[in-house]
Amino acid sequence: MKVTHIEHIGIAVRSLDEAIPYWENILGLKCYKIEEVADQKVRTAFFKVGDAKIELLEATSPESTVAKFIETRGEGFHHLAFAVENIESALTEAEEKGVRLIDKEPRKGAEGMTIAFLHPKSTGGVLTEFCEDKN
Ligand code: ZN
């Protein structure tokens, strides 16, 4: 597979409204978009940092995996997202090499990206997302 760069880093927060001022006022980054991803029951806020982005994730339902994550582990680092070329073949290759996949098929993520998650049990504890920009 070909991983080209870190697309974004996902951070779980209880409240976007409470979290955003740190990123804007202390770090001087600009929140350029807030987007709800109904599929994942989250609201996301994005900041650009060079070629990479920070994605803040706020649960919109107690059923959201982000709500469950915060319940057990608290706020903080949630996932690492790599941009890959050809996400379908990257997933096939990972699975063939014994990686447990959360998403066997890519799906739509925030920013119109095509995404899929690998299970942290297979990735050294780091919830890993593959992203391909097919826009
Ligand atoms: Zn993500």
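Using 0.36 nm per residue of separation minus the Cα-Cα distance, give me the extension gain between residue 126 and residue 88 in nm, one decimal.
Details: separation 38, 0.36 × 38 = 13.68 nm, distance 2.05 nm.
Once the chain is fully extended between residue 126 and residue 88, it gains 11.6 nm.
For residue 34 and residue 102, what does the FRET efficiency come to when R0 = 25 Å and r is the distance between their Cβ atoms, rounded to the nearest 0.05? Don't skip to the end; give the middle numbers.
On the way: r = 25 Å, r/R0 = 0.98.
Efficiency, from the Cβ-Cβ distance: 0.50.
Could you give the length gained by full extension between residue 135 and residue 27, i.e. 0.36 nm per residue of separation minus their alpha carbon distance, to one decimal place?
On the way: separation 108, 0.36 × 108 = 38.88 nm, distance 2.96 nm.
Once the chain is fully extended between residue 135 and residue 27, it gains 35.9 nm.
Which trypsin sites (Lys or Arg not before Pro) does the range 50-135 hold that lie in a coil by DSSP with at most 16 other beta carbons within 10 Å?
Details: sites: 53, 68, 73, 97, 100, 104, 107, 108, 121, 134; in loops: 97, 100, 104, 134.
When the trypsin sites (Lys or Arg not before Pro) of the range 50-135 are filtered for loop state and at most 16 Cβ neighbours within 10 Å, 97, 100, 104, 134 remain.
I'd like the Karplus ³J(HN,Hα) series for the range 97-106: coefficients 6.51, -1.76, 1.60, θ = phi - 60°, whole numbers in Hz, and an x wherever there's a Gly or Pro.
8, x, 7, 7, 9, 7, 10, 6, 10, x
Evaluate the relative contact order of the range 28-97 (contact order divided by residue number), counting alpha-carbon pairs under 8 angstrom at least 6 apart; express in whole percent.
Working: 72 pairs, mean separation 13.1, N = 70.
In percent, rounded to a whole number, it is 19.
Mind listing the long-range amide H neighbours of residue 7? Cut-off is under 5 Å, sequence gap 5 or more, other chains count too, H placed in the peptide plane at 1.01 Å from N.
Under 5 Å from the amide H of residue 7 lie the amide H atoms of 81, 82, 83, each far enough along the sequence or on another chain.
Report the extension gain between residue 60 and residue 72 in nm, rounded to one decimal, defined as 0.36 nm multiplied by the number of residues separating them, less their alpha carbon distance.
Length difference between fully extended and current span is 2.6 nm.
For the chain, what proportion of DSSP beta bridges, expressed in % and rounded to the nearest 5, is antiparallel?
In the chain, approximately 75 percent of DSSP beta bridges are antiparallel ones.
Test of understanding: in a Gaussian network model of the chain with alpha carbons linked when under 10 Å, which of 28, 74, 112 would top the mean-square fluctuation ranking?
28
Relative contact order for the chain using alpha-carbon pairs under 8 Å, separation at least 6, rounded to a whole percent? Please report the intermediate quantities before stating the final value.
Details: 279 pairs, mean separation 34.7, N = 135.
Reported relative contact order: 26 percent.
Taking neighbour counts of Cβ atoms within 10 Å as a proxy for exposure, in what order, fewest first, do 114, 4 appear? Can you show the working numbers first?
On the way: 114 17, 4 12.
Sorted ascending by nearby Cβ count, the order is 4, 114.
³J(HN,Hα) across the range 79-85 via Karplus (A = 6.51, B = -1.76, C = 1.60, θ = phi - 60°), whole Hz, x for Gly/Pro?
Coupling constants for the range 79-85: 7, 10, 10, 9, 7, 10, 8 Hz.
Excluding same-chain residues fewer than 8 positions from residue 41, which lysines have a Cα within less than 30 Å of its Cα?
Reachable lysines: 2, 30, 33, 53, 68, 104, 108, 121, 134.
No value in this document is a laboratory result; all are computed from the given coordinates. Just so we're clear, the structure is a prediction, and the values are computed from it rather than from any experiment. We place every Cβ from the backbone using ideal geometry, glycine too, and count neighbours over all the protein chains shown.
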